[in-house]
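To start, the structure under review is shown below, and the notes come after it.
The numbers here are math on the coordinates, done by the rules we state, and not lab data. Keep in mind that this is a model prediction, so the values were computed, not measured. Cβ atoms come from the backbone with ideal geometry, glycine included; neighbour counts cover every protein chain shown.
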Amino acid sequence: MAAHRILITGSTGFVGARVTARLTASDHTPRPQLRLLAHRSRPEPPGTDQIEVHHGSLSDPESLHGLCEGVTTVLHLASHISGDPRQCRAVNDTGTAALLAEAERCGVRRVIQLGTTAVYRDGRHLNAMEGALPLGPSSPTSVTRLAGEQRVLKAGGLVLRPHLIHGRGDVWVVPALARFMTTLPHWVDGGRALISLISADDLAHVVATLALRPHLPQGEVLHVARPRPVSGRELFTTAARALRLPLPTGEVTHAQASTWPGGHTDAGWQRRLSLLTVDHWYDTSRLWRLLGTPAPHTGFTEEFAAGASWYRSHLAAQYPGARARPAPAGA
C-alpha cells in the first residue's frame, strides 16, 4: 500500500497542531508523510523525515505552486477570524479557491475542510441533521468561511462542521463564556439549552482518522460534536467550578438577558447570548457511524478539567476583572 502524503493547512493552529501531532505519532502502516503549509508561524515538528514544510500563504496564490504535488489528501484546517472582510475573504474564500485549484492541478481528489456551524442562520437548532438548517452567516468571518466551504463541496470535498470547541489554547469559546458569566451572573431560562461541544483533542482524532480512511464521502457535510449535547446548566456549572468563578444565581428570561445592563456595550452580546442560552444541538450520528470508532467516553466535566489550569492562567492575563475565587483545598 502506498503511503499517504497529507497536506495540512493551519498546522500550527488550535486544532491543526493537534492533528499534526496525531498523524506524526500514528501507528498506521505505512506511516503517513506530512507536508505543512507554513506562513507566519513556523511549524516546529519533532525531528523526523516524516514531515516537510512548504512556505507560502493562502492569500498569495503564486506561493502555493507545487504545494500539492505528490499529495493524496488535503486537510484544510486554516481560517482567518476577524472583522476585516477583505482579510477574511483573502484566506477563507479566495485562498480556499487557490488551494483547490492547486489540488486540482496536481490531481488531488481528497479534500477535508474544517468548517463551522456558524454558517447557519442563527436560531434554535434542536438535534439538527446536516442539510436541515437554512444557511445565513452573520459575520465577515462566517460569510467567507461559508463561501470557502461551498467551494470545497463543489469540488467533491468533505466539510466538517463542529460547533463549540474547547481545550488548551482556546481563546474564543471559554473566555467568552467567562465574560458572559461575569456580566450576567444569573441562569437564563434555567440553563435548559442543549449545546453541542467537542474538545480540540477529540476533534483532532476525528480529522486524523478520516484522513487515513481509504474512502471518504464526496461533496458532503458532517456535523462534529460529542454524541450527546451538554445542558447550559452543566456547561456553566462545570466552567464556573473549573475556572473558580461564582456560580450563577437566580433566573432571568432570555428577553431580560437580551437587554441586560452591560450587554449593550458588547457588540457580540446577542450572538453570545444565543450560543450559550438557546439550543444549538447538532445530530452527529452520521459521523460516528462513518468512523466506526468509539465516540468520546469521558464525561464532559472530566474532559473540561484537563484544560482548566490553562484557562485560569489565560483568563488571569486577559480578563483581570473576572471575579476568581481562591482555589479550594486539594484543587
Here the cysteines of the chain lacking a cysteine partner under 4.7 Å (Cβ to Cβ) are Cys88
Under a Gaussian network model of the chain whose springs join Cα atoms within less than 10 Å, the largest fluctuation of His314, His54, His264 belongs to His264
Kirkwood-based Rg/Rh on the Cα set of the chain evaluates to 0.97
In a Gaussian network model of the chain with springs linking alpha carbons closer than 10 Å, the residue among Gly167, Gly191, Gly262 that fluctuates most is Gly262
Within segment 172-220, DSSP-loop chymotrypsin sites (Phe, Trp or Tyr not before Pro) with at most 15 other C-beta atoms within 10 Å are Trp172
As a percent rounded to 5, the proportion of antiparallel DSSP bridges among beta bridges in segment 85-225 is 10
Residues Tyr120, Tyr282 in order from fewest to most other beta-carbon atoms within 10 Å are Tyr120, Tyr282
Under a Gaussian network model of the chain whose springs join Cα atoms within less than 10 Å, the largest fluctuation of Asp266, Asp170, Asp189 belongs to Asp266
With +1 at each Lys and Arg Cβ and -1 at each Asp and Glu Cβ, the charge dipole magnitude of segment 80-228 around its Cα centre, to the nearest 20 debye, comes out at 100
Relative to the chain, whose Cα atoms define the longest principal axis, helix 308-318 and its Cα axis are tilted in degrees, nearest 10, by 80
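DSSP loop trypsin sites (Lys or Arg not before Pro) in segment 145-212 with at most 13 other Cβ atoms within 10 Å of their Cβ, which ones?
In loop regions of segment 145-212 (DSSP not H, G, I, E or B), the sparsely surrounded trypsin sites (Lys or Arg not before Pro) are Arg192.
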